[in-house]
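The values are calculated or read from the model by the stated rules, or taken from the named source; none is laboratory data. Small disclaimer: the values here were computed from a predicted structure and weren't measured. Because the Cβ atoms are built from the backbone with ideal geometry, glycine has one as well, and the counts that use them run over all protein chains shown.
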Amino acid sequence: MLRTTSTGLNRKNSKSLIGISAALILIVSSFVQPARAADPITLTIWTFGEVIQPGLQREYQKLHPEVKIIPIKNDVDPLHQKTVLSCQTGGPADIIAFEVPYSGYWRTGNRPNCFQDLRQMKTSDTNAAAGIAAGLSATDIKKNYLPWRWEQGVAFNDSVIGIPTDVGGLQVAYRVDLFKKAGLPTDRTQVSKLWPTWEKFIAVGKKYVAKLSAAEKKSGKGFIDDAGSIYSAVMNQGTAKYYQADGTDAGKLVYKTNPQIKKAWNTTVSALNAGIGARLGQFTSDWNIGMNKGAMATILSPAWMLDYIKKQAPETRGKWDIANLPGGGGNKGGTELGIPSYSKNKQAAFDFLTWYLAPEQQLKVFKTYGLFPSTSVLYNDPELLNYKDEFFNNAPVGQIYTQGVLKLKPIFEGELERKIDTLFGAGLGRVASKKMTPEKSYALVISDVDKLFKN
Amino acid sequence: MARQKSLTPWKRSKRTTFTGVPSMNGRWGYPAIAPFFVIFLIFGVAPVVYSVYISFYKWDPLGVSEFNGINNFTFLLQDSDFWIALRNTFSIWALSTFPQLAMALGFAWILRNRRLKGKSFWRTILLVPNITSVIAITIVFQQLFGRDYGIINSLIQLIPGVERIDFVEGTLSSHIQIATMITWRWLGYNTLIFLASMLAIPDELYESASVDGASRWQQFVFVTLPQLKNTITFVLIVGTIGGLQVFAEPQQLGADGGSTKQFLTLTLFLYNQAFLNNKYGYAAAVGIAITIIVLIISTINFFITRRIASESSS
């Protein structure tokens, strides 16, 4: 009951947290940095999830025994805070990963200065054998990447602060065995035809839930894992979210007026009211268990989630398949890799980045970890298009995700994108748990978002 | 001339020190204690002063900060989230402190028993939860309290006619879940504190009580409890301080404090304002508010303790 914080938040010093953490980072970095010999270069990478794939990391170290790569993992949000602090104090990182929802933050104001402008960097000849010519700057490799995805790493002062790792293409993963049991078609083209629109998707869900036995319903089974996940899927099918590009850095706030938000909200609310969701929050322990127990027949799954499903529910091998997302293409997530301005090994870091994010390596990452490549030159590569995944009933995942990604339109990412997203998510949570009516909850979301920009 | 007691002992001449060793107090005392104070100044005082400073700003660590007057504070008083966080903090504090006190007293009473076998084993094992990481505890308890597949809900389901409880979604239920984690972690620690002071109670008191015909229960109520008064006060004070800092448990349950902020605590509120909403100045103002709340509670504690102390001395 006392000293319950593990984070060093302390009664008197809670407000001094910022200062203390800054000081701590100073201390830590002074321990990490002391005069290493010039020869073996250590690249410290601040990352999360599977952004830095161990297999590829080993491959690079085999090519370059003189480079030592140390990935340090955090969760997305703590990593962001760490990056903010290290930008003020300096730090040990040579490469930092940041999620696209945070890209708006880093691209505005003075913040691009925290990252090295990659247009100023030139590749050395160290990776010439791997097909990367010397003397290439970020401007030269830009053509390999999906244009709108590339722009998410370009600051409003035009400096290139990050190179995209993956595109979070979104499709529907569904359970063939459960569909069969409910008397629904099982073939992926037929399944895709079942739901050209979200209304149809919800209708199929109702049909599925109606076939469940009373005991199954009582144990919390449903058609989709979390009906709330429909919200971001619909949002990303539009052309703007909470901000709209208006030529300024900050963009124009449109969270009250953008019809896409209303559409996404209403679609999700009607899915919630239809009771098609198993109400399993993604990445919770109930979700992991539910995946094994067949608690859900569908998951709106970004490419990067496929690997998570494989790891969490290995026994469901072969029972899954992938169908198209209702309403067009889908997107969720995606990461940038940048070099912080304070890095001591910028050249080595840039050489690593240009190799690691080159089309060839992205293809390998896709095959092992499912991160869908951001290099559009691959999108007509037969090796990507013909790639099938055994775990997902030999679905041509390469082809399916490529089609989805090509349908996407660029969306302007503003400074507090991620925060506003969580507020809308919480609003839908209140509707899902029936703590509030949709109207009341929506009003509360809007007033919560208002509060973010007040004071 | 009669020797007078020096009114200024720190100026006492070398010859008059008690040990006869020449005193170095005057010259070397301050350098000797300096390391602590220098570090305290840098890591304790300076950040506090700095955060008071930024609480008057719209402060952006990487951008332009602008002076904001007392707006952060007036906004705080109107911010419903702050009041919700205050309510949650006290609710979780009460739910974790009082049951825990009773249980710790009970356990200590059992451990005090002379005929108990394997005393050191029980005493050691009591401390194990205390050295477990909060994150690990939260993950395990989240599974226990899970809505669909949690053990606790499976047990609740055995009672006919009772619905599943969505612990995290409910206000009181989420407080109970967090309070359970805190209790589990700190119960052993407080048991040991109670045990130590129970063992310090002279046996004669119990002997005379039993001669007077007091039962075990009467001995506990009329001998043990009054003797533990000071210890109970201590545990309460330390518990209150800890209770105001509850952070990691709710943060693990849901970083934003739940869909209706049902388990948003004060420190989590502060953290979110700074690190999720980029409102560093506002977060500093929240920190000052927390300090004031702690000061108020400490004052109340001080008066209660003084009253108890004067009662026991009279």
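Residue-wise test of (1) out of contact with any Ser or Thr (no Cβ under 7 Å at 6 or more places or on another chain); (2) crowded, with 18+ Cβ neighbours inside 10 Å; (3) within 22 Å of A:Q171 (Cβ to Cβ).
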residue	(1), (2), (3)
A:S343	yes, yes, no
A:A348	yes, yes, no
A:P382	yes, no, yes
A:K388	yes, no, yes
A:N455	yes, no, no
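Please determine, by comparing only the residues of segment B:276-314 that are within 7 Å of chain A (Cβ to nearest Cβ) and either closer than 27 Å to A:V431 by Cβ or hydroxyl-bearing (S, T, Y) (or both), which one is surrounded by the fewest Cβ atoms within 10 Å (Cβ to Cβ).
B:N277
Of all the helices (runs of 4 or more DSSP H) wholly in segment A:361-455, which have at least 1 residues that are more than 30 Å from A:G318 (Cβ to Cβ) and of a type in the set (A, V, I, L, M)?
Passing ranges, in order: A:417-432, A:438-453.
Scan segment B:89-107 for residues that are away from chain A (no Cβ under 12 Å), in contact with a helix residue (DSSP H, G or I) (Cβ under 7 Å, 6 or more places away or on another chain) and of a type outside the set (A, V, I, L, M) and jot them down.
Residues satisfying the conditions are B:S91, B:F107.
Pick out the one residue from A:L353, A:L371, A:L357, A:L363 that is within 19 Å of A:I322 (Cβ to Cβ), aliphatic (A, V, I, L, M), crowded, with 21+ Cβ neighbours inside 10 Å and not assigned by TED's automatic domain parsing to the domain that holds A:G318.
Testing whether each residue is within 19 Å of A:I322 (Cβ to Cβ), aliphatic (A, V, I, L, M), crowded, with 21+ Cβ neighbours inside 10 Å and not assigned by TED's automatic domain parsing to the domain that holds A:G318 leaves just A:L371.
What are the pairs with Cβ atoms under 7 angstrom where one residue, in segment B:51-63, is in contact (Cβ under 8 Å) with a residue 40 or more places away in the chain and the other, located anywhere, is of a type in the set (D, E, K, R)? Sequence gap at least six, or different chains.
Short answer, once both residue conditions are applied: B:S51/A:K15; B:Y57/B:E66; B:K58/B:E66.
Whether any residue in segment B:89-107 is surrounded by fewer than 17 Cβ atoms within 10 Å (Cβ to Cβ) and of a type in the set (V, I, T) is what I want to check.
The answer is no, given that none of the residues of segment B:89-107 is surrounded by fewer than 17 Cβ atoms within 10 Å (Cβ to Cβ) and of a type in the set (V, I, T).
Give just the number: which of (1) at positive phi; (2) modelled with pLDDT under 90 does A:K367 not satisfy?
Exception for A:K367: condition (1).
Table: residues versus (1) surrounded by 16 or more Cβ atoms within 10 Å (Cβ to Cβ); (2) within 14 Å of chain A (Cβ to nearest Cβ).
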| site | (1), (2) |
| --- | --- |
| B:Y57 | yes, yes |
| B:V64 | no, yes |
| B:N72 | yes, yes |
| B:Q78 | no, yes |
| B:I84 | yes, yes |
| B:W109 | yes, no |
| B:N113 | no, no |
| B:S120 | no, no |
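Mind listing just one residue for me: the one in segment A:104-146 that is outside any loop (DSSP other than H, G, I, E, B) and of a type in the set (G, A, S) and, of those, farthest from A:T89 (Cα to Cα)?
A:A129
Within segment B:179-209, work out how many residues are surrounded by 14 or more Cβ atoms within 10 Å (Cβ to Cβ) and of a type in the set (G, A, S).
4
If you go through segment B:161-179 one residue at a time, do you hit one that is touching a helix residue (DSSP H, G or I) at 6+ places or on another chain (Cβ under 6 Å), within 14 Å of chain A (Cβ to nearest Cβ) and free of Cβ contacts under 8 Å to residues at least 12 places away in the same chain?
yes
Which residue, of A:D351, A:D421, A:D321, A:D381, is closer than 29 Å to A:D177 by Cα and either over 16 Å from the mean Cα position of the chain (by Cα) or in contact (Cβ under 8 Å) with a residue 24 or more places away in the chain (or both)?
A:D321
From the list A:E199, A:E216, which residue is among the acidic types (D, E), within 14 Å of another protein chain (Cβ to nearest Cβ) and not in a loop (DSSP other than H, G, I, E, B)?
Among A:E199, A:E216, only A:E216 is among the acidic types (D, E), within 14 Å of another protein chain (Cβ to nearest Cβ) and not in a loop (DSSP other than H, G, I, E, B).
Can you pull out every residue in segment B:240-264 that is of a type in the set (V, I, T) and either within 7 Å of chain A (Cβ to nearest Cβ) or over 14 Å from the mean Cα position of the chain (by Cα) (or both)?
Those that are of a type in the set (V, I, T) and either within 7 Å of chain A (Cβ to nearest Cβ) or over 14 Å from the mean Cα position of the chain (by Cα) (or both): B:I241, B:V246, B:T260.
Looking at segment A:109-126, which of its residues are polar (S, T, N, Q) and crowded, with 21+ Cβ neighbours inside 10 Å?
Matches in segment A:109-126: A:Q116, A:T123.
Going by what's in this entry, would A:W148 be described as assigned by TED's automatic domain parsing to the domain that holds A:G222 and touching a residue at least 60 places away in the same chain (Cβ under 8 Å)?
Spelling it out, it is not the case that A:W148 is assigned by TED's automatic domain parsing to the domain that holds A:G222 and touching a residue at least 60 places away in the same chain (Cβ under 8 Å).
List the number of the failed condition for B:S197; all other conditions in (1) within 13 Å of chain A (Cβ to nearest Cβ); (2) closer than 28 Å to B:V128 by Cβ; (3) not basic (K, R) hold.
Of the numbered conditions (1) within 13 Å of chain A (Cβ to nearest Cβ); (2) closer than 28 Å to B:V128 by Cβ; (3) not basic (K, R), the odd one out for B:S197 is (1).
Name the single residue, out of those in segment A:427-447 being touching a Gly at 6+ places or on another chain (Cβ under 8 Å) and within 9 Å of chain B (Cβ to nearest Cβ), that is farthest from B:F167 (Cα to Cα).
Of everything passing the filter in segment A:427-447, A:L444 is farthest from B:F167 (Cα to Cα).
Would you check which residues across segment B:246-277 are in a helix (DSSP H, G or I) and without any contact (Cβ under 8 Å) to a residue 12 or more places away in the chain and list them?
Answer for segment B:246-277, where residues must be in a helix (DSSP H, G or I) and without any contact (Cβ under 8 Å) to a residue 12 or more places away in the chain: B:A274, B:F275.
Yes/no per residue for (1) within 30 Å of B:G281 (Cβ to Cβ); (2) modelled with pLDDT of 60 or more:
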{"position": "B:R12", "(1), (2)": "no, no"}
{"position": "B:F18", "(1), (2)": "no, no"}
{"position": "B:R27", "(1), (2)": "no, yes"}
{"position": "B:Y53", "(1), (2)": "yes, yes"}
